[in-house]
1. Among the residues of the stretch 1-46, how many are part of a strand (DSSP E or B) and of a type in the set (K, R)?
2. Might you let me know whether the stretch 151-168 holds any residue that is touching a Lys or Arg at 6+ places or on another chain (Cβ under 9 Å), loosely packed, with under 12 Cβ neighbours inside 10 Å, over 26 Å from L76 (Cβ atoms) and modelled with pLDDT of 70 or more?
3. Residue pairs, Cβ under 6 Å, 6 or more apart or interchain, first in the stretch 45-67 and closer than 13 Å to T5 by Cβ, second β-branched (V, I, T) and not in a strand (DSSP E or B). List them.
4. Please work out if A142 is modelled with pLDDT under 85 and touching an Asp or Glu at 6+ places or on another chain (Cβ under 9 Å).
5. Give the residues of the stretch 26-41 that are open to solvent by less than 70 Å² (accessible area, probe 1.4 Å) and either small (G, A, S) or over 18 Å from T15 (Cα atoms) (or both), sorted by residue number.
6. For the stretch 49-135, please list each of the helices (runs of 4 or more DSSP H) lying entirely inside it that holds at least 3 residues being open to solvent by 60 Å² or more (accessible area, probe 1.4 Å), under 18 Å from T9 (Cα atoms) and at pLDDT 90 or above.
Amino acid sequence: MNYPTFTVTVSREDTLWVAVVTNGLERGYVGADDFEHFADIDPGMREIIADLTGIQPGQFTVSWRYEFGEEDETALVLEYQEAHRIAEDMAEWRDRVRSRLVSDLSKKLSQRAVADLLGLSHQRVNQLSHGPVPELSLALPAVDELADALRRSLGMDREGFLKAIAQLNSFASSSNQNQEEGIASSACRG
């Protein structure tokens, strides 16, 4: 199903964020508003577009543009937003794994030993040991999204990125093999 797309351009004027629908509305309609906080722009503009078009917010997409000082900063703002989202996902994953590890190890090690292992205070380990225990999942969240973000930040197309990863993997494998052969030959001489 193809949803209509509306382009919203965001800029900064004085102490306010200014958002204007610059593409997608019927001729004669103007969708614009000022926002004190950046986080209010997305829901506010979706509501304005829905009011002007009669289309529910889940039935259209918004393409964001960010222009500051008469320059287009869209690519960098979107890349930061994606990096921030991925970092939050990774932090959430780390926190779940850490809580599960604390739960499992608290039966086998002292709180001080667990704290030393994790680089936390023993008080924090005590707090974690009394909190809810998440399901065990060692799956890395959004690894494809992380790889795509890295690829875009390097300015590479997908094919070139995959070739570079394959070459790096091949190099790492041959390097490991050379190290293992070196260790084996020095063990034979010793």
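1. Going residue by residue through the stretch 1-46, those that are part of a strand (DSSP E or B) are 5-13, 16-23, 32-35.
This time we only want the ones that are of a type in the set (K, R), so: 12.
Final tally of qualifying residues: 1.
2. Looking through the stretch 151-168, none of the residues is touching a Lys or Arg at 6+ places or on another chain (Cβ under 9 Å), loosely packed, with under 12 Cβ neighbours inside 10 Å, over 26 Å from L76 (Cβ atoms) and modelled with pLDDT of 70 or more.
3. Matching pairs, first to second residue: R65/T74.
4. Taking the combined requirement at face value, the residue satisfies it.
5. G31, A32
6. On the way: elements: 74-105, 111-118, 122-129.
Here the list reads 74-105.
The values are calculated or read from the model by the stated rules, or taken from the named source; none is laboratory data. Given the structure is predicted, the values throughout are model-derived calculations rather than measurements. Glycine gets a Cβ as well: all are built from the backbone with ideal geometry, and neighbour counts include every protein chain shown. The protein model used for the area step is the full one, side chains on, heavy atoms only, and it has no ligands, DNA or RNA in it. Shrake-Rupley method; radii C 1.70, N 1.55, O 1.52, S 1.80 Å.
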